[in-house]
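Below is one structure, written out as structure tokens; the observations come after it.
Every read-out reported here was derived from the displayed coordinates using simple, explicitly stated rules and does not represent laboratory data. Just so we're clear, the structure is a prediction, and the values are computed from it rather than from any experiment. Glycine gets a Cβ as well: all are built from the backbone with ideal geometry, and neighbour counts include every protein chain shown.
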Amino acid sequence: MLRVGAGAAEDIVQETWLRAARALSGFQWKSALRTWLTGIALNACRERFRRRARLALVPEVPEALTGSTDPESALTEALRVAIDSLSDGYRQVLLLHDVEGFTHEEIGELLEISSGTSKSQLHRARARMRAALGDNEVSHG
């Protein structure tokens, strides 16, 4: 069984209520309200544990570079620096695909490139991100 501290539990409850308030107009009453709220809470818990697991896998960024001892702030800063170091094309494709959820075909239309170019740029952008964040198995090509 997974356990969270009181502060984390309060954060999850607050996140659940915020998400529920935003989505309430779309609730169709095909299930009990309790079931719907429980699903939202479970998703909030899963996201928190996934975030914590990712933080454990990311190499530490020296405090001198970030000015913070908070692991999430350090990760955020490391990601910002890595993303900023990408060329414009790589950065645009990475953000459109991995952050915004666009398909390669949609990215191609938006940036006036082929979907193959989008796929290639995404592959290279991810490789550069891994290299920048400390994955030693990535080639620097």
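Largest first, the extents of the alpha carbon coordinates of segment 6-57 on the three principal axes equal 40, 19, 16 Å. In segment 63-132 the Cα-Cα distances spread across 5 Å bins starting at 0 as 3, 18, 25, 19, 13, 10, 5, 4, 1 percent of all pairs. Per-residue Karplus couplings for segment 41-47, computed as 6.51 cos²θ - 1.76 cosθ + 1.60 with θ equal to phi - 60°, are listed in order as 5, 4, 5, 4, 5, 4, 4 Hz, Gly and Pro entered as x. Taking θ as phi - 60° and the Karplus parameters 6.51, -1.76 and 1.60, the scalar couplings of segment 87-93 work out to 5, 4, x, 4, 4, 4, 5 Hz in sequence order, x denoting glycine and proline. Across segment 97-112, rounded Karplus estimates of 3J(HN,Hα) from the backbone phi angles (6.51 cos²θ - 1.76 cosθ + 1.60, θ = phi - 60°) give 7, 7, 9, 8, x, 6, 7, 5, 5, 5, 4, x, 5, 5, 9, 6 Hz, Gly and Pro being marked x.
Counted by Cβ distance under 15 Å from Q14, the other residues give a net charge of -1, where Lys and Arg count +1 and Asp and Glu count -1. Spin-label model, R50/A23: points 7 Å from Cα along the beta carbon direction are separated by 1.3 nm.
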